[in-house]
Amino acid sequence: MSQPVGLSAMTKLAPARIAGLMMGVWFLATSVGNFIGGRISSFYESWALHSLFGAVGLFAIGAGILLFLFVKPIKQLMGEVN
């Protein structure tokens, strides 16, 4: 898991006055992701495996493309933070 890396990024990128809030948002996003993953796993018995893995794969590819489109704006917002 990338908990330490994500929390480090949250503390570096967030303004000092809301760093604690952003770390809470990080944990909230992790818990929501785990919940969604659990809900998707409930389809394991009702969907054909090729359909289930195909849907998960297409979603992952779409999410990757979306994140790739946000690389430049995020780097601009980061400024001097490494």
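The values are calculated or read from the model by the stated rules, or taken from the named source; none is laboratory data. What you see is a predicted model, and the numbers here were worked out from it, not measured in a lab. Every residue, glycine among them, receives a Cβ derived from its backbone with ideal geometry; neighbour counts consider all protein chains shown. Quick note on the areas: whole protein, heavy atoms, side chains included, nothing else; ligands and nucleic acids left out. Shrake-Rupley method; radii C 1.70, N 1.55, O 1.52, S 1.80 Å.
Would you rank Ile65, Ile18 by solvent-accessible area, highest first, keeping every protein chain in place and using a 1.4 Å probe?
On the way: Ile65 100, Ile18 55 Å².
Largest accessible area first, the list is Ile65, Ile18.
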For the chain, give the percent of accessible area contributed by carbon and sulfur heavy atoms, probe 1.4 Å, rounded to a whole number.
73
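Add -39500 (n - 2.57) for each DSSP H run of 4 or more in the chain, then divide by its residues: what number comes out at 222 nm, to the nearest 500 deg cm²/dmol? Walk me through the numbers on the way to the answer.
Values: 4 runs with 63 residues, N = 82.
When only DSSP H runs of four or more count, the value is -25500 deg cm²/dmol.
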If ligands, DNA and RNA are left out, what is the accessible area of Ser41 with a 1.4 Å probe, given in Å² to the nearest 10?
70
Per-pair calculated FRET efficiency, R0 = 22 Å: Glu80 and Gln3 via Cβ, rounded to 0.05
0.30
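Using the heavy atoms of the protein chains and a 1.4 angstrom probe, tell me the accessible area per residue for region 1-72 in square angstrom.
I get 81 Å² per residue for this part.
Show me the three semi-axes of the equivalent ellipsoid for the chain, from the C-alpha gyration tensor (sqrt of 5 times each eigenvalue), largest first, rounded to whole Å.
Working: eigenvalues 199, 61, 13 Å².
So the equivalent ellipsoid measures 32, 17, 8 Å along its semi-axes.
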Relative to a virtual label point 7 Å from the Cα of Arg17 in the Cα→beta-carbon direction, which members of region 51-82 show backbone nitrogen distances below 18 Å?
none
